[in-house]
Each structure stands twice: as C-alpha cells, then as structure tokens.
Amino acid sequence: MALCIRYCKGLDIFEKFIGFINCSESQNAPSLCEYILKYLKECGLNSNAKLVAQSYDGASVMSGRFNGVQALIKCKFPYAIYTHCMAHRVNLVVLDMCKTEKESRNVFHTLESLYVHFSQPARNKNLIDIQKKLGIEKKTLTRLSDTRWNCRYKNCEALQKCYASIIRLLKEEIENNNDKDVNEAIGILTNMQKGIFVVHLFILQKVLTMVNILSNQLQS
C-alpha cells in the first residue's frame with residue numbers, strides 16, 4: 001500500500017510520497033487502518049497530528065461509510081473528512097457513460113472484438129503490413145480495462161487512424177474465406193461500416209480527448 005501525505009507550511013502546500021506499507025498479511029479495513037497509523041507513528045507523525053482529510057480510491061474496504069478504512073480513521077480523527085479520489089471519480093463517470101448508452105456500448109464491444117481478433121500474431125502482422133502499405137501511422141488496439149483510465153480514449157483514436165487498414169484486411173479475410181473465424185470478421189466488418197457506428201466513434205473520440213486532459217491533470 002502506497003502512503004502519501006499532504007501538508008502545509010505557512011501558506012505553501014506540499015504533497016509527498018513517504019513509503020510503501022507491506023500489507024500482504026491482511027487487507028481488511030481494521031488491518032489497513034492499523035498499518036497506516038503505525039507507519040505514520042514510525043515516521044514521527046504522532047497521534048496528536050492534526051489529521052483533517054483522507055483520500056483513497058473507491059474500493060469498499062477503503063471507502064466504506066461504516067466499516068471502511070476512512071470510517072475507522074474518522075473514529076480516531078473526527079475532522080478527517082473523506083474525499084473520493086477525483087481522478088477515480090472521472091473514470092467512474094466515463095465507465096458509466098460507456099456502458100449505459102447503447103451506441104457507446106456497441107462501439108466499445110466492437111473495439112474489444114477487434115482487439116481479440118487481431119491479438120492473433122499472424123493477423124496482427126498482416127494489419128501492420130497493410131498500414132505500412134497504405135502509409136498509415138502504425139497503431140495497435142489494446143484490451144479495454146475498467147482500471148486503465150485512458151485505454152478507451154487511445155483505442156478510439158487508434159481505430160480512427162487505422163480504420164481503412166482494418167476494413168481492407170477484414171474484407172480480404174472474408175474474400176479468402178480460409179479462416180475458421182470468418183464469421184467473426186463478417187460481424188465486425190458489418191458493425192464498423194454502419195454510419196451510426198462511425199458517427200459515435202468520432203463523438204466518443206472527441207469527448208474522451210477532453211476527458212483525458214482532465215484525467216491527466218488530476219493524476220498529476
């Protein structure tokens with residue numbers, strides 16, 4: 001567990017990483033709370049320190065209102081208000097938007113299918129060769145993850161830039177019809193060629209570019 005502290009000297013604010021805490025023996029809330037307080041004491045920050053705030057990600061063991069680490073810390077330091085990490089909040093909003101809105105969901109399902117389809121080394125090499133042939137900047141798709149904040153933005157951007165090469169390669173696979181996964185290629189191609197898919201891809205790329213700027217600022 002990484003521990004950082006934020007403090008003031010006069011009117012100047014400082015934020016420092018002070019160390020990693022070995023919590024391999026137990027990760028329940030009481031243990032994590034004990035680890036944190038013990039480590040602060042070892043660093044010379046005794047229990048009389050004016051602890052006025054705490055911030056973690058959204059994991060229930062950390063953020064739980066009644067039994068999470070933040071609640072246990074607050075029992076000892078009543079003024080230690082809990083703030084959910086702002087960068088995590090932005091990510092949660094983006095995830096909800098991507099999973100709730102039907103057309104957005106369709107775009108990301110297609111992106112995931114493309115990643116799986118071209119994760120096969122031979123197909124991936126063919127894609128890179130076609131990109132070179134068409135003079136397109138080399139771009140690869142990554143697996144979508146709920147915890148890697150900018151993977152959706154990067155995948156939308158990558159698909160826009162290598163759209164022509166992917167369409168061409170999928171058509172070649174279907175025409176050759178020598179792959180057991182040709183039905184998968186037909187499904188992906190059909191989706192990608194729909195006007196509504198292209199429109200939503202451009203909208204999402206535009207929105208996620210702006211969100212990515214905010215996310216990077218919050219992380220820094």
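Hey, which of the strands (runs of 3 or more DSSP E) in the range 1-81, taking only ones fully inside, have at least 1 residues that are basic (Lys, Arg)?
The qualifying strands (runs of 3 or more DSSP E) are 2-9, 12-20.
Only one of Phe66, Phe77 is open to solvent by less than 70 Å² (accessible area, probe 1.4 Å) and more than 23 Å from the chain's Cα centre (by Cα); which?
Of the residues listed, the single one that is open to solvent by less than 70 Å² (accessible area, probe 1.4 Å) and more than 23 Å from the chain's Cα centre (by Cα) is Phe77.
Does Gln54 meet the test of being open to solvent by less than 70 Å² (accessible area, probe 1.4 Å) and not acidic (Asp, Glu)?
It is true that Gln54 is open to solvent by less than 70 Å² (accessible area, probe 1.4 Å) and not acidic (Asp, Glu).
Could you list, in sequence order, the residues of the range 116-135 that are of a type in the set (A, V, I, L, M, F, W, C) and either surrounded by 15 or more Cβ atoms within 10 Å (Cβ to Cβ) or in contact with an Asp or Glu (Cβ under 6 Å, 6 or more places away or on another chain) (or both)?
Phe118, Leu127, Ile128, Ile130
Any residue in the range 157-179 that is of a type in the set (S, T, N, Q), outside any loop (DSSP other than H, G, I, E, B) and in contact (Cβ under 8 Å) with a residue 60 or more places away in the chain?
Within the range 157-179, not a single residue is of a type in the set (S, T, N, Q), outside any loop (DSSP other than H, G, I, E, B) and in contact (Cβ under 8 Å) with a residue 60 or more places away in the chain.
Could you check Arg123 against (1) charged (D, E, K, R); (2) in a helix (DSSP H, G or I); (3) closer than 30 Å to Lys16 by Cα and say which number it fails?
Result: Arg123 passes all but (3).
What single numbered condition from (1) under 30 Å from Ala59 (Cβ atoms); (2) free of Cβ contacts under 8 Å to residues at least 24 places away in the same chain; (3) open to solvent by less than 70 Å² (accessible area, probe 1.4 Å) fails to hold for His109?
The number of the failed condition is (3).
Pick from the range 136-152 the residues that are surrounded by 12 or more Cβ atoms within 10 Å (Cβ to Cβ) and among the β-branched types (Val, Ile, Thr): which of them is modelled with the highest pLDDT?
Thr142
Hey, among the residues in the range 8-40 that are in contact with a Lys or Arg (Cβ under 9 Å, 6 or more places away or on another chain) and within 17 Å of Ala53 (Cβ to Cβ), which one's most open to solvent (accessible area, probe 1.4 Å)?
Out of the qualifying residues, it is Glu15.
May I ask you to list the residues in the range 153-171 that are open to solvent by 20 Å² or more (accessible area, probe 1.4 Å) and not aliphatic (A, V, I, L, M)?
Tyr153, Lys154, Glu157, Gln160, Lys161, Tyr163, Arg168, Lys171
The values are calculated or read from the model by the stated rules, or taken from the named source; none is laboratory data. Just so it is clear, the structure is predicted and the values come from calculations on it, not from any experiment. When we count neighbours, we look across all protein chains shown, and the Cβ atoms used for this are built from the backbone with ideal geometry, even at glycine. Quick note on the areas: whole protein, heavy atoms, side chains included, nothing else; ligands and nucleic acids left out. Shrake-Rupley method; radii C 1.70, N 1.55, O 1.52, S 1.80 Å.
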